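First up is the structure itself, then whatever we jot down about it.
The values are calculated or read from the model by the stated rules, or taken from the named source; none is laboratory data. Only a predicted model underlies this, so the values are computations on that prediction, with no experimental measurement involved. Methodologically, a virtual Cβ is constructed for each residue, glycine included, from the backbone with ideal geometry; neighbour enumeration extends over all protein chains shown. With ligands, DNA and RNA removed, areas are computed over all heavy atoms of the protein, side chains included. Shrake-Rupley method; radii C 1.70, N 1.55, O 1.52, S 1.80 Å.
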Protein chains: 2
Amino acid sequence: MSTFPTLRVDRSSPVPLYHQVAEQLERSIVDGVLKPGERIVNEVALADTLGLSRPTMRQAISTLVDKGLLVRKRGVGTQVVQSQIRRSVELTSLNDDLLAGGRAPHTLVLRLELIESDETASRQLQLAAGDPVWAVERVRFVGDEPLALMCNRLPASIVDLSVVDLSLTGLYAQLRASGVHVRVAHQTISSRRATSYEARLLNERKGSPLLTMDRTAFDDKGRAIESGSHVYRPDLYSFEVTLVDR
Amino acid sequence: MSTFPTLRVDRSSPVPLYHQVAEQLERSIVDGVLKPGERIVNEVALADTLGLSRPTMRQAISTLVDKGLLVRKRGVGTQVVQSQIRRSVELTSLNDDLLAGGRAPHTLVLRLELIESDETASRQLQLAAGDPVWAVERVRFVGDEPLALMCNRLPASIVDLSVVDLSLTGLYAQLRASGVHVRVAHQTISSRRATSYEARLLNERKGSPLLTMDRTAFDDKGRAIESGSHVYRPDLYSFEVTLVDR
DNA sequence: AACATCATTATGTCAGGACAAAGCCTTGAC
DNA sequence: GTCAAGGCTTTGTCCTGACATAATGATGTT
C-alpha cells in the first residue's frame, strides 16, 4: 500500500551506516519520492527491515531533522516538512556555493600581505597586538559582474598564503589543503550603505545598500583562524538559514 | 590540578539528564569557568563521575558542539571554542529576542484581517488559491524608535487571530498558546532600498538600506504555518548565525 | 639524528534492550 | 450523544557493552 522507498546499507563501506541511510532518505525527499507531509515508517520497523539497531536508525533521522527536512512528534511519527526550498547553508566558502550553483566565478586579488595585527584583528583572532597576520582583500565575480568585496585576516602562524593563488581557489579550500579544518563559524549579517570605494569596486553607486557579513571562524582545536568582513550586492546574493527548534 | 567545574545531576527531576549536564557546562563556559581553548575531561571519565552512561554524556556534549561552543577531535579531546560572542540565534520571535536583551519593545498593529490567499502566499503556505489567510502587518518599536516592519500571512485554518492582541505578545507566543508548535523555519536574508512607505513607518529616508528577511515556518506536523516578509533598520538590528561543520 | 613502529588515549560508530511519556483512537459509562 | 478512561502506537530518554579509528607521543631501529 505504501510506496516507501527501498533503502539499502553496505556494511563493507567505510561510510557510517547512519550516514548511508540519511543520504538515501534525503535523496528520496528532494527527488519527491517522499512527498511533503508524508509520514515515514516508524524508527523501530525501519531499523528492523534494514538490519540496524534503533539508535543507528535514530541517528540517521536526526541528521535530517537537524537539516529541517523532517519533523518528529512523540506518539505520532516523523513527517516530511512541506517545503519546496531545500538548499541550506553549509559551512563552505562562497566559491563552493557558486560552483554548486553552476556559474563559474573568478576572483580578483586586490591585496595579499603580511601586516602587524591591529586591535580589531587581535581581539577577534585572540592574538597579541602586533602579531603577524595576513591581510587579504578580494573581489568575487560571477560572469562579468562583481558580486562581493571580501576583507580577511588570518594569523600568519596558521597558514602560509604567500605561495598560494587565491584567484583560482577559495580561501577555505586553501586552509583545508594546509591541514586546517574549519569547524565553527560565527556570522553577523546586516546591511549598510556602500562607501565610494566599495561602490567603485562593485559597480554600484555610492550609498546603495549592501549586504554585510562579519565572520569569525574556528578550527577543530577551537582556535580562531579567520576573521572576515564581506559586503555583497544584495541583488545578486542572499543568505539562506534554516532554524530548527529542539 | 584542574579547576574543572563540579557538575551535578538530579535524577528525580523531569528535566532530561543530558539537558541538565549541557546547561551546567554551557553556564561554565559563558561564565568563564571553562576558558577558551581549555580541554574538558574526556567523555568516559565525565560520565563515570556523574554516574551516567557514555551515550548520555555524549548527547550532552553534542548539544554544545552543535551550538558552536565546543569542538571535538577524535583521539585528542574536546575543547572550548576561543570565542567571546556566545549568543546564537534561537527559533524565537523578535519579541523574545528583544525581551532577552533587556529593552521592552512594543508593537503597533497596522493591519489584521482575513483575506483570500494570493498566489505568493498560496505557494509558500501550500494552500489553494483563494483559501482564507490572515494578513498581519506590524511595526515593532524599541523605546521610541521603530525597528522593523513585519508582514505576515497565516492560514486561517491554523489559528484564529481575531481575538488576540498582537500589540502585547508576539506572533509566535500566540501560536504557542493556540497549540501550534513551530519547529522549523527557512529564512532568506538580504537587503534593499526602503520604499517611501517603509521609510515613513521606520523613520528613515526613502532609499536608505534595509535588512530584509523572508521566512517560511513549519509546525511539528510539517505543515507550513506562517510566511513573513520583514524589513529591519540595519543600524538597530542584525542576524547572528552560527554554522557548525559535521 | 632521522625515521618507522607501536602503544596510548580519546572520540566515532554500532548493537540490543528497557522504560517513560505524549498523542490518538477506541471503548464504555452516563 | 457526550465525555472520560484506558489501551495502542511512536518517539524520547537512558543503560551496558563493544570495537573502530584518528592523533599523539614514546620507543626502537637504522
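Please average, across the residues of A:207-219, the number of beta carbons from any other chain that are within 10 Å of each residue's own beta carbon, and give a whole number. Let's see the in-between values first.
Details: counts 4, 5, 12, 3, 8, 5, 4, 1, 2, 5, 3, 8, 4.
Mean inter-chain Cβ contacts per residue within 10 Å come to 5.
Can you give me the solvent accessible area of residue B:153 with a 1.4 Å probe, rounded to the nearest 10 Å²?
Surface open to solvent at residue B:153 totals about 50 Å².
Computed over the Cα atoms, what is the radius of gyration of the stretch A:17-80 divided by 2.2 N^0.38 Å, N being its residue count?
Working: Rg = 10.7 Å, N = 64, 2.2 N^0.38 = 10.7 Å.
The stretch A:17-80 yields a ratio of 1.00.
In nm to one decimal, list the spacings between the residue A:200 label point and its equivalents in the other copies, with label points set 7 Å along Cα to Cβ, shortest first.
3.9
Per residue, how much accessible surface does the stretch B:17-80 expose to a 1.4 Å probe? Answer in Å², no decimals. Show your work: numbers first, answer last.
On the way: 3210 Å² over 64 residues.
Heavy-atom SASA per residue in the stretch B:17-80 reads 50 Å².
Please give the helix B:17-30 orientation as an angle from the longest Cα principal axis of chain B, in degrees from 0 to 90, rounded to the nearest 10.
Around 90 degrees separate the two axes.
How much solvent-accessible surface does residue A:158 expose, in Å² to the nearest 10, with a 1.4 Å probe and all protein chains in place?
30
Farthest toward the dipole's positive end in the stretch B:1-77, which of B:15, B:71, B:3, given Cβ charges of +1 (Lys, Arg) and -1 (Asp, Glu) about the Cα centre?
B:71
How big is the Kirkwood radius of the protein assembly as shown, worked out from every pair of different alpha carbons and given in Å to one decimal? Mind dumping the intermediate values first?
Working: mean 1/r = 0.0403 Å⁻¹.
24.8 Å is the Kirkwood radius here.
With bins 10 Å wide starting at 0, give me the P(r) of chain A over every alpha carbon pair, in whole percents.
P(r) for chain A, in whole percents per bin: 6, 25, 26, 21, 15, 6, 0.
Once you average over the residues of B:231-240, how many Cβ atoms of partner chains fall within 10 Å of each Cβ?
Working: counts 1, 2, 2, 9, 3, 1, 2, 8, 7, 5.
Averaged over the peptide's residues, the number is 4.
Just round it to a whole percent: the fraction of Cα-Cα distances in the stretch B:94-232 exceeding 27 Å.
Values: 1761 of 9591 pairs.
More than 27 Å apart: 18 percent of the Cα pairs in the stretch B:94-232.
Let me check against my output: what whole-number percent is the relative contact order of the stretch B:94-232, with C-alpha pairs under 8 Å and at least 6 apart? List each step's numbers first, then the result.
Values: 288 pairs, mean separation 31.5, N = 139.
Relative contact order for the stretch B:94-232 comes out at 23 percent.
Taking H as built 1.01 Å from N, whose amide H comes closer than 5 Å to the amide H of residue A:183, not counting residues under 5 places away?
A:218, A:219, A:220
Over chain B, what is the mean sequence separation of C-alpha contacts under 8 Å (at least six apart), divided by residue count, expressed as relative contact order in percent? Don't jump to the answer; show the numbers that get you there.
Details: 416 pairs, mean separation 36.6, N = 246.
Computed over chain B, the figure is 15 percent.
Using a 1.4 Å probe and counting only protein heavy atoms, how much accessible surface gets buried when A and B come together, both sides summed, in Å² to the nearest 100? If you can, show how the numbers build up before the last one.
Numbers: alone 14390 and 14370 Å², together 24090 Å².
It comes to approximately 4700 Å² buried between A and B.
Can you check what the net charge comes to around residue B:207, using other residues whose Cβ is under 12 Å from the Cβ of residue B:207 (Lys, Arg +1; Asp, Glu -1)? Don't jump to the answer; show the numbers that get you there.
Numbers: positive: A:193, A:205, B:192, B:193, B:205, B:206; negative: B:198, B:204.
So the surrounding residues net to +4.
Once you've got the Cα coordinates, tell me which of B:67/B:206; A:73/B:67; A:67/B:73; A:221/B:221 are over 31 Å apart. Write out the running numbers ahead of the final one.
On the way: B:67/B:206 38 Å; A:73/B:67 22 Å; A:67/B:73 22 Å; A:221/B:221 39 Å.
Violating the 31 Å limit, Cα to Cα: B:67/B:206; A:221/B:221.
Rounded to the nearest 500, what is the 222 nm mean residue ellipticity of the protein assembly as shown from helices alone, with -39500 (n - 2.57) per DSSP H run of 4+ residues and division by all residues?
Numbers: 14 runs with 126 residues, N = 492.
Result for the protein assembly as shown: -7000 deg cm²/dmol, rounded to the nearest 500.
Between residue B:246 and residue A:106, what is the spin-label point distance in nm, taking each point 7 Å from the Cα along the Cα→C-beta axis?
The two pseudo-label positions are separated by 3.5 nm.
How far apart, in nm, are two points set 7 Å out from the Cα along the Cα-to-Cβ line at residue A:144 and at residue A:188?
Label-label distance for residue A:144 and residue A:188, simple model: 3.8 nm.
Which residues in the stretch A:205-219 place their backbone N less than 20 Å from a point set 7 Å from the Cα of residue A:196 along the Cα-to-Cβ direction?
Only A:205-210 pass the distance filter.
In nm, to one decimal, how far is the modelled label at residue B:235 from the one at residue A:62, with both set 7 Å along Cα→Cβ?
The modelled label-to-label distance comes out at 4.6 nm.
Considering every residue in A:176-189, what mean count of other chain Cβ atoms within 10 Å of its Cβ is obtained?
What the average comes to for A:176-189 is 5.
Take the alpha carbon atoms of the stretch A:163-246, find their radius of gyration, then divide it by 2.2 N^0.38 Å using N residues; give the quotient.
On the way: Rg = 15.5 Å, N = 84, 2.2 N^0.38 = 11.8 Å.
Cα Rg divided by the expected 2.2 N^0.38 Å: 1.31.
Can you send over the carbon and sulfur percentage of the accessible area for the protein assembly as shown, probe radius 1.4 Å, protein chains only? Working shown, then result.
Details: 11830 of 24090 Å².
Reported share for carbon and sulfur atoms: 49 percent.
Give the calculated FRET efficiency between residue B:54 and residue A:177 to the nearest 0.05, with a Förster radius of 35 Å applied to their Cβ-Cβ distance.
On the way: r = 35 Å, r/R0 = 1.00.
In this case the efficiency is close to 0.50.
Report the one residue of B:189, B:167, B:135 whose Cα lies farthest in the direction of the positive end of the charge dipole of chain B (charges on C-beta: Lys and Arg +1, Asp and Glu -1; origin at the Cα centre).
Value: B:189.
I'd like the orientation of helix A:54-66 relative to chain A: the angle between its Cα long axis and the longest Cα principal axis, in ° from 0 to 90, rounded to 10.
With both axes taken from Cα atoms, the answer is about 40 degrees.
What is the dipole size for the stretch B:17-80, taken about its Cα centre, with +1 at each Lys and Arg Cβ and -1 at each Asp and Glu Cβ, in debye to the nearest 20? Don't jump to the answer; show the numbers that get you there.
Working: 9 positive and 7 negative charges, 56 e Å.
Once rounded to the nearest 20, the dipole reads 260 debye.
Placing a label point 7 Å from Cα toward Cβ, how far apart in nm is residue A:178 from its equivalents in the other copies, listed shortest first to one decimal?
5.3
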